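A short write-up of the structure that comes next.
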Amino acid sequence: MLGTIVIIVVLALVVRAAWRFLDTYWFRPKKLEKILRKQGLTGNPYRFFFGDARETGKMFKESYSKPIGITDDIAPRVIPFVTKTLRTYGEKSFIWVGPKPVVFIFDLEAMKVILNKYVLFQKSFKESNPIFKRLVGGLLVYEGEQWSQNRKKLNPAFHLDKLKELVNTMQKQGQETLDEWSSMMPKDGSPLVVDVYPYLKVYTGCVVSHTLFSTPPTPLVKRTFTIISELTHISNQAQPFTIPGEKYFLKKYRRANEIEDELTATFTGMIEERLKKRKVGERKGEPDLFDLVVDELEELDSNDKNARAAAVYEIIQQCKLFYVAGHETTANLITWTIVMLSYHKEWQTRAREEVFQVLGDRQNITADDLANLKYVTMIVNETLRLFPPAVELTRVVEEETTLGDLVLPKGSMVMMPVVLLHRDPKIWGDDAMEFRPDRFAEGVLKAANGHSAFLPFGWGVRTCIGANLATMEAKSFIALFLRNFSFELSPKYAHAPMVTLLMQPQYDVPVVMRKL
């Protein structure tokens, strides 16, 4: 009798699991596809389990197999399957990320609705592969009231007046990088050729370390930069959705687990050290970002181990967020800016003349100086337009909703291809594909012909909290670089933008420098 009951229970569980699997990977996607096609949307028919993933992976592999010209459109390289779909089906179309249909959104008013109604349209990280989820956390993935409370708590650390105090740190760290390059100059007076990208990652990492911990980066912190970059690379190799059981037998998951354990140990040690310093009164002055995220830990009952473990986990997620976003985003922005100025030498000349005019012989750079560097500001904005950190913004539709003339079913997704929006001639003019910083001479809105179409850091209430920090940091380094060196791209440079978590160079970025 007992054996019969066990068999019945096991069969029931198997049937239930089988039904859930089929519903997730066949019946529900086919239902969503039917709803979208009835509204005139077109795209590939749903293919069981994988959707468009296999073709997407194949196209990425092909597009990343060779570099492109520096003036070529980067969209076919960084979003190859998206560009192919749009050529085939037009803007009113969709693609499949595993069993999820993703509808393209190009209407600017619809984008505003999506980016402002962040409860209805939530970020897609929960739909991502498990390795990618290890990279993002904290404020970046919070929704609703949790996001609102955390944003308010962290805002003081990113207030413009607070950031102005960091300009001296940005200059100091940037000058250390330039001094190192100066020391590497050949004695015979010939130019120096150096891959700038690794140095820029160290520079931005140092600034993030100071912002977060109010301290120069230790070897342990520098190690953290390295393994977070490795985790970013591993996440890019994973499927955009989970294959059941893959985490138990794939090597990349084992390495991701090792990195996760090391990051947890590192940040936990930093948390305990900070709490110890606060307890004995060693922490003085204005609280830094780390103080803001550990505040709630001190308020917890020390005997409540579960609550404490949960709070520590959230702090670690916040730390990872600011290391990834603050470290990688700005390093990429400065790198692409140097690439553009190396190629468009007339803009390098204009910007350098402005830097000498504004700064004169003064060694110290102030926040007011950065504000007065109009050419540098225009150049950084134009770089962000052509090389946005995120090439697209994707959201999950949490409830059935009407968006313009579309009815979006719950469980579908929407994608706003930023890299295409930033190159749309209807918005930016016939020269949208060209590097032309003077389009920003009268501000962002004028540059986009009155449209709110400049989205390098998102838009509206969910604009990246670190946007001002990133642009200020980039302007500070570029100003120093222009004052110290003239530069051009090495003949060995291969132009190859690629997307991991953010858009970055696939290969080295060798730059030929001459000391001024």
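Coordinate-derived values only; no laboratory data. Nothing here was measured: the structure is a model prediction, and the numbers come from that model. Here Cβ is always computed from backbone atoms with ideal geometry, including for glycine, and neighbour counts include all displayed protein chains.
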- Item | Net charge over other residues, Cβ less than 14 angstrom from the Cβ of L482 (K, R count +1; D, E count -1) | +3
- Item | Least to most buried among E400, E314, E282 (fewest other Cβ within 10 Å first) | E282, E400, E314
- Note on the structure: Taking only the alpha-carbon positions of the range 406-516 as identical scatterers, the Debye log10 I(q)/I(0) at q = 0.20, 0.24 Å⁻¹ comes out as -1.43, -1.39
- Using just the helices of the chain, give the 222 nm mean residue ellipticity in deg cm²/dmol: DSSP H runs with n ≥ 4 each add -39,500 (n - 2.57), and the total is spread over all residues, rounded to 500. -17000 deg cm²/dmol
- Under the rule rounded for a/c under 1.5, else prolate if a/b exceeds b/c, else oblate, using alpha carbon gyration tensor axes a ≥ b ≥ c, the chain is classed as oblate
- As straight-line cross-link partners of K66, the qualifying lysines (C-alpha separation under 22 Å, not fewer than 8 residues apart within one chain) are K58, K84, K492
- Item | For the chain: relative contact order, % (alpha-carbon pairs under 8 angstrom, 6 or more apart) | 23 percent
- Query: Fewest to most neighbouring Cβ within 10 Å: what's the order for L231, L445, L516?
  - Reply: L516, L445, L231
- Determine the sum of side-chain charges near Y199: Lys and Arg each +1, Asp and Glu each -1, restricted to other residues whose C-beta is under 12 angstrom from that of Y199. -4
- Query: In terms of the Cα gyration tensor, with a ≥ b ≥ c the square roots of its eigenvalues, is the range 77-212 rounded because a/c is under 1.5, prolate because a/b exceeds b/c, or oblate?
  - Reply: oblate
- Message: If every alpha-carbon in the range 309-448 counts as one equal scatterer, what log10 I(q)/I(0) does Debye give at q = 0.12 1/Å?
- Response: -0.71
- Message: Need one word for the range 387-436: rounded, prolate or oblate. Basis is the Cα gyration tensor (sqrt eigenvalues a ≥ b ≥ c); a/c below 1.5 gives rounded, then a/b vs b/c decides.
- Response: oblate
- Message: Longer than 32 Å from Cα to Cα, which of K320/K475; K117/K222; K123/K305; K153/K201; K92/K345; K284/K320 are they? Say none if no pair is.
- Response: K117/K222; K92/K345
- Query: Taking each full run of DSSP H in the chain as one helix, which ones are at least 20 Å long along their axis (Cα atoms) and have mean Kyte-Doolittle hydropathy of at least -0.5?
  - Reply: 2-22, 196-213, 219-237, 305-323, 329-343, 467-484
- Item | Listed residues T71, F356, I131: farthest to the positive end of the dipole of the chain (Cβ charges) | I131
- Can you put K172, K426 in order of Cβ neighbours within 10 angstrom, beginning with the fewest? K426, K172
- Rg in Å to one decimal, and Dmax rounded to a whole Å, for the range 1-128 via C-alpha atoms: 20.0, 76
